[in-house]
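First the structure, in the form of structure tokens, and then the observations on it.
Laboratory data are not the source of any read-out in this text; all were calculated from the coordinates shown. Here the structure is a predicted model, which is why all the values come from computation and not from measurement. When we count neighbours, we look across all protein chains shown, and the Cβ atoms used for this are built from the backbone with ideal geometry, even at glycine.
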Amino acid sequence: MFSLLPQEILHTPRLTLRPFRMEDAEANFQNWDSNPKVAEFMLWDPSKTVADSRERIGEFLRDYTPEQGFYVYAITQAGSDEPIGCVMLGWIDSDHHSGELVYMLSPAAQGKGYMTEAVSALLDFAFGKLELNRVQADCFLRNPASARVMQKCGLLYEGIMRGLYLGKEGYEDLFVYAILRSDWEFKKERESKHV
Ligand SMILES: CC(C)(COP(=O)(O)OP(=O)(O)OC[C@H]1O[C@@H](n2cnc3c(N)ncnc32)[C@H](O)[C@@H]1OP(=O)(O)O)[C@@H](O)C(=O)NCCC(=O)NCCS
């Protein structure tokens, strides 16, 4: 029977993914949460003060919990406890065993493959431990870096949802990508043969 598991800390070669804590507010604000270049691709506004960042963490801890079908992670680099970004698996549908991904990273940390690494670890949790059947993600058409992360993590292009969100630039189209459990198992098997 499907069950939502407690959140566990995830490790990759270069990163640790752990739950947020209220004490992360200052670092979140400095690193990604106040940055308009990050918020440009999100449906939320950048935090204007550290108090806003604290409030965002409060929301994560209150309204986006594993019991509610959300696994929200702070991304930290090995040897540092400071969050440089956020990745979440959420909107988990317990009847249909599906979920969605959202992620964002400090501009200073972008372009190093970190998000590919973080999302891959979360997919391993989603399929290997939670036993989901489908994980999907979407991004604005004007966000090719995000689409590329999805591709590199094994998500397949499914199409375009036209005018889905009223974003900062008006109604916007989104690319949809998804990976099924069978895709993930195939990818893992192929990777294990190439090590
Ligand atoms: C999208 C985002 C998470 C990517 O994080 P990242 O750690 O830099 O991603 P990675 O380094 O793992 O991979 C990025 C890939 O996109 C590619 N890329 C970057 N900018 C690109 C562009 N303008 N056009 C095409 N590809 C681009 C990179 O070359 C890389 O692909 P490669 O390894 O084949 O060269 C980061 O840019 C970000 O936080 N952006 C702002 C928030 C956001 O857009 N969140 C997603 C909302 S859907």
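Worth pointing out:
- Looking at segment 1-84, the GluC sites (Glu not before Pro) that sit in a DSSP loop and have at most 13 other Cβ atoms within 10 Å of their own Cβ are 8.
- Filtered chymotrypsin sites (Phe, Trp or Tyr not before Pro), segment 1-108: DSSP coil and at most 12 other beta carbons within 10 Å: 44
- Given +1 at the Cβ of Lys and Arg, -1 at the Cβ of Asp and Glu and no other charges, the dipole of the chain around its Cα centre is 620 debye to the nearest 20.
- Neighbour net charge for residue 82 - beta-carbon separation under 13 angstrom, K R +1, D E -1: -3
- Checking the cross-link pairs 152/193; 129/168; 129/187; 48/129; 48/168 against a 27 Å limit on the alpha carbon distance flags 129/168; 48/129 as lying beyond it.
- Sequence of 149, 135, 72 once ranked by neighbouring C-beta atoms within 10 Å, starting from the fewest: 72, 149, 135
- Counting charges near residue 10 (Lys, Arg +1; Asp, Glu -1) among other residues having Cβ under 14 Å from its Cβ returns a value of 0.
- Under a Gaussian network description of the chain, with springs only between Cα atoms under 10 Å, the residue in 90, 154, 128 that fluctuates furthest is 128.
- Relative contact order of the chain, pairs being alpha-carbon contacts under 8 Å that are 6 or more residues apart, as %: 18 percent
- C-alpha center-to-center spacing [segment 120-159, segment 1-68] in angstrom: 18 Å
- For the chain, the convex hull spanned by the alpha carbon atoms encloses 123 Å³ per residue.
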